[in-house]
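Worksheet: one structure, shown below.
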Amino acid sequence: MSDTPSPKTTKRFDWEQFRTKWVPIIKEACQYIPAVLLVILYLVTISKTNFDLKSEDNADLYRMITMVLMLGLSIIMPSLKNSKVGAVIKGLFYFAYPFFSYLFLESFLHDPFAEGSVQKDTFIFLNVIVFYLLSFLFTALTTRSDVAVALTAGIPLIFGIANHMSVAFRATPIYPWDLLSFGTAMSVLDNYQLTPTTNFYFLVYAFVFMIGFGFLAGFRFKFKKWWINVATALLTVVVFFGYCGYLRSDEAQNKYGYYPYLYSATYLYKYNGSALSFIWTTQFLNLSAPSGYDDDTIEALYQDHKDQAEDTAADTDTVFPNIIVIMNEAFSDPAVLGDFTTNVDYLPFINSMTENVAKGNVLVSVKGGNTPNSEFEFLTGTSMAFLPSGSIPFQQYIKGETYSLVSHLESLGYSSVAMHPYPASGWEREEVYPRLGFDQSYFLSNWGRKSYLRGYVSDDCVFDKIIDEYEKRDTSKPFFAFAVTMQNHGSYSKQYANFTPDVRVDGVSNYNLQAYLSLMKKTDEAFEDLIAYYETVEEPTVILMYGDHQPNDNVIQPILNLNGINMNTASVEVQQTRYFTPYILWANYEAEGLGSMPETTSLNYLCGLMLSAIDMPLTPFQIWQEELRKEYPLMNANSYVDKNGNYHEAADIFEKPLLNTYAQIQYNLVFDLKHTVKDFFTPILPD
């Protein structure tokens, strides 16, 4: 007998046993994943929020009971899914969840069924249909109800969260064009702090329940013949997009009486409904010409004003000053809102400036964000009043060479440089700045040496960059620099090792406000150093600094509280105080025209006023614009002020002949690029 050991046999994995024994167990266990997720969300909710179970309206009590019921349904459904009771539950759920998708989405902003709700039954019906058609569409396309539920409920979940954050951070819900700025929004999101409410957690919980329950109560929707499936899918596509097209139409708007004013975005969403509002406003992604528009009208305006522009040019000096414009991020003086006192002056240098300076307030169109809209208004001399609320011209409308202050100055022989210490892709500046005429642009990637305050490049660093670019300029040309800062960008709730707030408001304990005012003091100090440098420069130089917008509401609210101001019920005039920022126009020489600068103006006028004050050639458009300013000295996206000082909401702005002419001019400049009357937007050179 051989002593050689027999080879060991390797036991092969028994896939058949695994399939028959373990796969059913795993499938059974997976059916409880939705319940596990709900348990986790429930624990997170009760740990992160304080449920007030004894409130008068019992809202939190009802939310907690509903959450427990949802969890219970998710636990018992796996044992019922193959029974008659389970079949009934599946059917009821499939036909009910689109309605609840509508209801929960609306509840991120308001309760459409609450007493006093502005949303009428008709609009509830119009919105609910969107969700039912969306459900049928996804069911037909995927032949699976569970996938349809995940998509139909998942979309409003994501939209609702984004809407909630948008309202919290910038006091306006999401419009279709906001999707174009998604990348920019995400890049600054970690600097903001959101404190979710019990309602917010409940709504997220409810949507997660619907998505999970959709998989527990799923079924296949499939005909035996393939062409019937295809035909059904095509039919649902046609019906869904046909209905959306109808909601966008003038016929539907007139029939149902949509709330049409985009400048009151939150109210529009509450009145019309979130789904309807979003669908309806997609029509404004492409803007139509204002009533009566004809490029011949703009040509006629040019002919009427070119002689005056020539006379102005003849009176100007042929030696042009260097011009530096600083649009300072979130730079404002909250004193425009009401009285308060602080332990130290937060703008000591600016307040002390008296020689060769003009100071005042400028009315802007945004608050808390959307910085490039202030760039757009200043550089082009146009107004956000004629564009859909919430739109971003840099991303939506500046698609070709557009006449601006940059092209204006370059036609006079200036070199130009733009600088913004942030990624070039933000608001698509890397594409827009060349279209406006800038020779060179600096962003974070090619900035060079940087210094930071909190998490952003400091104003000191930006102002040093201005000086560096000035010192290496082409000395044969006057110098123009346009800088957009970042130091004061929100949020203001985080604490940093390199920043200690030193400004306090008497009687107020609020870190956000302390941090914000302390940043204003830092800007003031940096501005003092910049002015000190140019006081030693022999070449005539002009510096304009203005704020792009005030900070968001939660920063300013303590000051409003001190003064007993409720912006929700305040007059239009009081509401617009949230849109004033300071401007400072300084020259290192005696510029007599500085005395003509108004104490209060609006951003669309500021560029022309600056050029006039420093005795620069003007365009025929700017000559016409001064005529407009005499009739309407202030205007922004929300309002306009007549020559008697009366504030008006912007709703009827196109009905005013002179303002409608302004809208036509803007359309010719920004949109009708093939027929832009170039001479109207070009300065006439002095002899």
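Here are a few things to note about the model shown:
- Helices (runs of 4 or more DSSP H) fully within the range 385-488 that include at least 1 residues being more than 24 Å from the chain's Cα centre (by Cα), closer than 22 Å to Ala532 by Cα and of a type in the set (Asp, Glu): 459-471.
- Conditions (1) hydrophobic (A, V, I, L, M, F, W, C); (2) in contact (Cβ under 8 Å) with a residue 60 or more places away in the chain; (3) open to solvent by 60 Å² or more (accessible area, probe 1.4 Å); number of the one not met by Val88: (2)
- Criterion (open to solvent by less than 50 Å² (accessible area, probe 1.4 Å) and on the phi > 0 side of the Ramachandran plot) met by exactly one of Arg473, Arg454: Arg454
- Residue in the range 366-382 that is within 30 Å of Pro620 (Cβ to Cβ), outside any helix (DSSP H, G or I) and at pLDDT 95 or above present: yes
- Residues that are among the β-branched types (Val, Ile, Thr), farther than 20 Å from Glu649 by Cβ and in contact with an Asp or Glu (Cβ under 9 Å, 6 or more places away or on another chain) within the range 358-396 comprise Thr371, Ile392, listed in sequence order.
- All helices (runs of 4 or more DSSP H) inside the range 532-617 with 1 or more residues being within 21 Å of Leu347 (Cα to Cα), under 22 Å from the mean Cα position of the chain (by Cα) and without any contact (Cβ under 8 Å) to a residue 40 or more places away in the chain: 553-562
The rows are residues; the columns are (1) without any contact (Cβ under 8 Å) to a residue 24 or more places away in the chain; (2) within 40 Å of the chain's Cα centre (by Cα); (3) open to solvent by 30 Å² or more (accessible area, probe 1.4 Å); (4) over 21 Å from Leu157 (Cα atoms).
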residue	(1), (2), (3), (4)
Pro34	no, yes, no, no
Thr49	no, yes, no, no
Lys54	yes, yes, yes, yes
Arg63	no, yes, yes, no
Lys81	no, no, yes, yes
Lys84	yes, no, yes, yes
Phe99	no, yes, yes, no
Tyr102	no, yes, no, no
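- There is at least one residue in the range 113-135 that is at pLDDT below 90 and surrounded by 18 or more Cβ atoms within 10 Å (Cβ to Cβ).
- For the range 659-687, a tally of residues being within 28 Å of Ala570 (Cβ to Cβ) and not small (Gly, Ala, Ser) returns 2.
- Note on the range 346-365: residues that are on the phi < 0 side of the Ramachandran plot, in a loop (DSSP other than H, G, I, E, B) and in contact (Cβ under 8 Å) with a residue 12 or more places away in the chain total 5.
Matching residues to (1) within 31 Å of the chain's Cα centre (by Cα); (2) crowded, with 21+ Cβ neighbours inside 10 Å; (3) modelled with pLDDT under 95:
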{"site": "Tyr258", "(1), (2), (3)": "yes, no, yes"}
{"site": "Leu285", "(1), (2), (3)": "yes, no, yes"}
{"site": "Asp317", "(1), (2), (3)": "no, no, yes"}
{"site": "Glu329", "(1), (2), (3)": "yes, yes, no"}
{"site": "Val336", "(1), (2), (3)": "yes, no, no"}
{"site": "Tyr346", "(1), (2), (3)": "yes, yes, no"}
{"site": "Ser352", "(1), (2), (3)": "no, no, no"}
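- The range 489-523 - residue that is part of a loop (DSSP other than H, G, I, E, B) and hydrophobic (A, V, I, L, M, F, W, C) and, of those, most open to solvent (accessible area, probe 1.4 Å): Ala497
So that you can scan it fast, the table gives a plain yes or no per residue for (1) in contact (Cβ under 8 Å) with a residue 60 or more places away in the chain; (2) open to solvent by 70 Å² or more (accessible area, probe 1.4 Å); (3) within 28 Å of the chain's Cα centre (by Cα); (4) closer than 30 Å to Ile75 by Cβ:
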site	(1), (2), (3), (4)
Leu203	yes, no, yes, yes
Ala206	yes, no, yes, yes
Leu234	no, yes, no, no
Phe240	yes, no, no, no
Tyr293	yes, no, no, no
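- The set of residues in the range 627-644 that are open to solvent by 10 Å² or more (accessible area, probe 1.4 Å), of a type outside the set (A, V, I, L, M, F, W, C) and outside any loop (DSSP other than H, G, I, E, B) comprises Glu627, Arg629, Lys630, Glu631.
- Taking each residue of the range 115-143 that is of a type in the set (Ser, Thr, Tyr) and looking for partners that are buried (at least 19 other Cβ atoms within 10 Å of the Cβ) with beta-carbon atoms closer than 6 Å, six or more apart or interchain, yields Tyr132/Pro98; Ser135/Pro98; Ser135/Ala148; Ser135/Thr152; Thr139/Ser145; Thr139/Ala148.
- If only residues of the range 429-441 that are farther than 18 Å from Phe671 by Cα and open to solvent by 20 Å² or more (accessible area, probe 1.4 Å) are counted, the one that is modelled with the lowest pLDDT is Glu430.
- Any chance Ser166 is among the polar types (S, T, N, Q), part of a helix (DSSP H, G or I) and either at negative phi or surrounded by fewer than 21 Cβ atoms within 10 Å (Cβ to Cβ) (or both): yes
- Among the residues making up the range 315-340, a single one is of a type in the set (Ser, Thr, Tyr) and in contact with a helix residue (DSSP H, G or I) (Cβ under 9 Å, 6 or more places away or on another chain): Ser332.
- For Gly360, the conditions (1) at pLDDT 95 or above; (2) open to solvent by less than 30 Å² (accessible area, probe 1.4 Å); (3) touching a Lys or Arg at 6+ places or on another chain (Cβ under 9 Å); (4) within 27 Å of Ser491 (Cα to Cα) are fulfilled apart from (3).
- Within the range 645-667, the only residue that satisfies the criterion of being outside any helix (DSSP H, G or I) and of a type in the set (Ser, Thr, Tyr) is Tyr647.
- A count restricted to the range 570-593 and to residues that are under 21 Å from Thr354 (Cα atoms), surrounded by fewer than 15 Cβ atoms within 10 Å (Cβ to Cβ) and polar (S, T, N, Q) stands at 0.
The values are calculated or read from the model by the stated rules, or taken from the named source; none is laboratory data. All values reported here derive from a predicted model rather than from experimental measurement. Note that each Cβ is placed from the backbone with ideal geometry, even for glycine, and that neighbours are counted across all protein chains shown. Note: accessible area is taken over every heavy atom of the protein model, side chains too, but ligands, DNA and RNA are not part of it. Shrake-Rupley method; radii C 1.70, N 1.55, O 1.52, S 1.80 Å.
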